[in-house]
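First up is the structure itself, then whatever we jot down about it.
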Amino acid sequence: MDHEYYMGLALELARQAAEHGDVPVGCVIVKDGQVIGRGRNRREERGDATAHAELEAIRDACARTGSWRLHGCTLYVTLEPCPMCAGGIINSRVDTVRYGTRDEKAGCCASVLNLFEERFNHRPRIYRGPLERECEAVLQNFFEDLRGRPEWTPQKKI
Ligand SMILES: [Zn+2]
């Protein structure tokens, strides 16, 4: 399996999120070499606190496969999952998670805590990378651009 290729697809979705004014996070779900789910952060676009990339990708994959069980799937996401998305990963039984860069404020694979080490009924395998630097850079560029804009105020900071 070409991890860089699939993380690259997730990065492409992250860039699309930024084009729509959303914090750039992208996600793809892969099974047997096929991309079966895609998602990008649409929180601002939809005005929906739950419109995170991972949940969008999980919904997409469930709709395509007709099953809520995503056994045999690997989820690639550019940013470490938050508690809500970690919950979605546990509930959908995704086998493996690969995340790009750490989220010190909300990450639930290592940073704030590791939800996947707790006594839930499903424990996916977690890996960091590949393309950590690229995943971090897309976020840094987004926030640098935001700070450069005259309409930006600290209240809007995410
Ligand atoms: Zn999330």
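The values are calculated or read from the model by the stated rules, or taken from the named source; none is laboratory data. As the structure is a computational prediction, the values presented were derived from the model and not from experiment. Ideal geometry is used to build each Cβ from the backbone, glycine not excepted, and the neighbour counts take in all protein chains shown. Heads up: the accessible areas ignore ligands, DNA and RNA and are worked out on the full protein's heavy atoms, side chains in. Shrake-Rupley method; radii C 1.70, N 1.55, O 1.52, S 1.80 Å.
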query = Considering only region 40-61, how many residues are in contact with a helix residue (DSSP H, G or I) (Cβ under 6 Å, 6 or more places away or on another chain) and more than 23 Å from Asp145 (Cα to Cα)?
reply = 3
remark   = Scanning region 46-73 residue by residue, those open to solvent by less than 20 Å² (accessible area, probe 1.4 Å) and within 10 Å of Val94 (Cβ to Cβ) turn out to be Glu54, Ala57, Ile58, Ala61, Leu70, Cys73
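Residue-wise test of (1) over 21 Å from Cys109 (Cβ atoms); (2) within 12 Å of the ligand (Cβ to nearest atom); (3) in contact with a Cys (Cβ under 6 Å, 6 or more places away or on another chain); (4) touching a residue at least 24 places away in the same chain (Cβ under 8 Å).
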site	(1), (2), (3), (4)
Arg15	yes, no, no, yes
Glu44	yes, no, no, yes
Thr74	no, no, no, yes
Ile89	no, yes, no, yes
Ser92	no, no, no, yes
request  = Check off (1) closer than 14 Å to Leu13 by Cβ; (2) touching a helix residue (DSSP H, G or I) at 6+ places or on another chain (Cβ under 9 Å); (3) open to solvent by 20 Å² or more (accessible area, probe 1.4 Å) for Gly100 and give me the number that stays unchecked.
outcome  = (3)
note = Conditions (1) more than 14 Å from the ligand (Cβ to nearest atom); (2) surrounded by fewer than 22 Cβ atoms within 10 Å (Cβ to Cβ) -> Ala106 fails only (1)
inquiry  = Among the listed residues Ser111, Ser67, identify the single one that is without any contact (Cβ under 8 Å) to a residue 40 or more places away in the chain, of a type in the set (S, T, N, Q) and in contact with an Asp or Glu (Cβ under 7 Å, 6 or more places away or on another chain).
reply    = Ser111
ask   = If you take the residues in region 115-131 that are outside any loop (DSSP other than H, G, I, E, B) and touching a helix residue (DSSP H, G or I) at 6+ places or on another chain (Cβ under 9 Å), which one is most open to solvent (accessible area, probe 1.4 Å)?
value = Arg125
query = When only residues in region 53-89 that are within 12 Å of the chain's Cα centre (by Cα) and of a type in the set (Gly, Ala, Ser) count, which is nearest to His20 (Cα to Cα)?
reply = Ala53
